[in-house]
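K.L.:
Before anything else, here's the structure in question.
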Amino acid sequence: MLTEECDTRRFLENRGITVSETDLGERIQQLDNEPPSHIVGPAWHKTTQDVANLFGRVYGSDKDKADPVYLAHVMRENTRPLIKKAQAGMTGANFAVAETGAVVTVTNEGNADLSGNAPDLRICSVGLEKIIPKNEHLAVFIRLLTRSATGMAITQYTSHFRAPRQNGEMHIILVDNGRSSRLGMEKFWPSLKCIRCAACMNTCPVYRRSGGLSYGSSYMGPIGIIMMPTFDIRRYSELPFSSTLNGSCTNVCPVKINIHEQIYAWREVMEEKHQVKLVKKEAMIVAGKVLSHPHIYRMAADSMELSLKVLPRFALYNHFNAWGRHRDIPQAAKETFHDWYKKHRSRAARQEVRR
């Protein structure tokens, strides 16, 4: 994710260096010319059939075989030769231990071990926030990361690298990229505690509905909302409004980042720095009035439901509908929750009277 954040792949490719991802999900996304949609599972939004079609188009494998084991074998057969002939291998770091100088990677596929040991040159890119004091602290963070990310007690591979392979080279790049500045932000420095487990994404109702690609940023979901404006406040000015502020992300965060409070604080910053577009401000005022009057809200909901059913496609999908540029609008429910509740509450009340 750090190289995605720094746009390292494009930088290297513009200089004639071929970059091949070795993580299964990352490789799938690279072959499909898409960025990752999730920190832990970059291609979780794709079905096995999507992957089978992609591998069939790129590798010539059987498109009708959407079996995960078969697809993993196709990936292995086509990726291992790239690792063997690579002149350099680049890995990130889940943690870096100051006491020993070790770079620690946590994977389930072993691709970091292969990429770090097969080529003669190894490059480790490490964000400053990944450095922890001692090995005794590492055990706590490993348990937090694996259980919050996948529900596993431990991953398949937890590897410590303190030196290059025999007759090889190892270079460690410590990346700041605005982290020092963020550390000085009174309200927003806690985002540096993030261990990239993605628990906040897995519980977020907005992320689960819209997917990671809809955020248009390197980091997506609730953690992306509070991290990305620190890199470019103008470009990511709308992200803090991609949240319901329900607090679920804060509840599941293993390192206790107050995510929903920071999202709200970023909204205030955007207003103070005049980063909120006039159209959005007016829309928020109208929404506030509608939501504060139940009768008006229900009338608006009924009108919207009717519009979705009767309006022609060109009236719904136009340049005003940003959502519709990339996806279809969901079908309106046959029955609203208010209607369902009213009907069942009345039935329950009648049964209570009969008793």
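The values are calculated or read from the model by the stated rules, or taken from the named source; none is laboratory data. From a predicted model like this one, the values you see are computed outputs, not experimental measurements. FYI the Cβ positions are ideal-geometry reconstructions off the backbone, even for glycines, and counts take in every protein chain you see. Note: accessible area is taken over every heavy atom of the protein model, side chains too, but ligands, DNA and RNA are not part of it. Shrake-Rupley method; radii C 1.70, N 1.55, O 1.52, S 1.80 Å.
K.L.:
Which FRET efficiency, nearest 0.05, do GLN87 and TRP44 yield, Cβ-Cβ r, R0 25 Å?
P.N.:
Numbers: r = 31 Å, r/R0 = 1.26.
My answer for the efficiency is 0.20.
K.L.:
Within a Cβ distance under 14 Å of ILE296, other residues only, what is the Lys/Arg minus Asp/Glu net charge?
P.N.:
Counting the neighbours of ILE296, the net charge comes to +1.
K.L.:
With all protein chains present, how much of the accessible area of the chain (probe radius 1.4 Å) comes from carbon and sulfur, to the nearest whole percent?
P.N.:
Details: 11430 of 21250 Å².
Reported share for carbon and sulfur atoms: 54 percent.
K.L.:
Write down the accessible area per residue of segment 186-267 in Å², having rolled a 1.4 Å probe over the full set of protein chains. Before the final figure, lay out the partial values.
P.N.:
Details: 3360 Å² over 82 residues.
On a per-residue basis, 41 Å².
K.L.:
Can you give the accessible area per residue of segment 1-128, in Å², using a 1.4 Å probe?
P.N.:
Numbers: 6340 Å² over 128 residues.
Per-residue value: 50 Å².
K.L.:
Also, I was wondering about something else. Using only the alpha-carbon atoms, how far is helix 48-59 inclined from the longest principal axis of the chain? Give it as 0 to 90 degrees, nearest 10.
P.N.:
The answer is roughly 40 degrees.
K.L.:
Helix 259-272 versus the longest principal axis of the chain: what angle, 0 to 90°, nearest 10, using Cα atoms?
P.N.:
Helix 259-272 sits at roughly 80 degrees to that axis.
K.L.:
Right, something else. When the chain is treated as a GNM, springs tying every alpha-carbon pair under 10 Å, which of ASN177, ASN321, ASN94 comes out with the largest mean-square fluctuation?
P.N.:
Result for the chain, Cα springs under 10 Å: ASN321 fluctuates most.
K.L.:
Mind scanning LYS134/LYS193; LYS46/LYS334; LYS187/LYS256 and naming the pairs with a C-alpha gap bigger than 19 Å?
P.N.:
Where the Cα-Cα span goes over 19 Å, the pairs concerned are LYS46/LYS334.
K.L.:
Roughly what would the spin-label model give for LYS343 and ARG10, points 7 Å off Cα along C-beta, in nm?
P.N.:
5.0
K.L.:
Suppose only helical runs count, i.e. DSSP H with n ≥ 4. What mean residue ellipticity at 222 nm does that imply for the chain under -39500 (n - 2.57) per run, divided by all residues and rounded to the nearest 500 deg cm²/dmol? Intermediate values should be presented prior to the final figure.
P.N.:
Values: 17 runs with 170 residues, N = 355.
The per-residue figure over the chain is -14000 deg cm²/dmol.
K.L.:
Sequence neighbours fewer than 8 away in the same chain don't count; with that in mind, list the aspartates and glutamates whose C-alpha is under 20 Å from LYS343.
P.N.:
Those aspartates and glutamates meeting the cut-off are ASP302, GLU305, GLU335, GLU352.
K.L.:
Let me ask another. On a 0 to 90° scale, report how tilted helix 337-354 is relative to the longest principal axis of the chain, with both axes built from alpha carbons and the result rounded to the nearest 10.
P.N.:
60
K.L.:
Let me ask something additional. Suppose R0 equals 41 Å; then what is the FRET efficiency for LYS187 and GLU136 from their Cβ-Cβ distance, rounded to the nearest 0.05?
P.N.:
Working: r = 31 Å, r/R0 = 0.75.
The computed FRET efficiency comes out at 0.85.
K.L.:
Continuing with this model, one more query. In a shell of Cβ-Cβ distance under 13 Å around ALA332, excluding ALA332 itself, what net charge do Lys and Arg (+1) and Asp and Glu (-1) give?
P.N.:
On the way: positive: LYS309, LYS334; negative: ASP302, GLU305, ASP328, GLU335, ASP339.
Local net charge: -3.
K.L.:
With each pseudo-label sitting 7 Å past Cα toward Cβ, what's the VAL286-ASN321 distance in nm, one decimal?
P.N.:
For VAL286 paired with ASN321, the spin-label model returns 1.6 nm.
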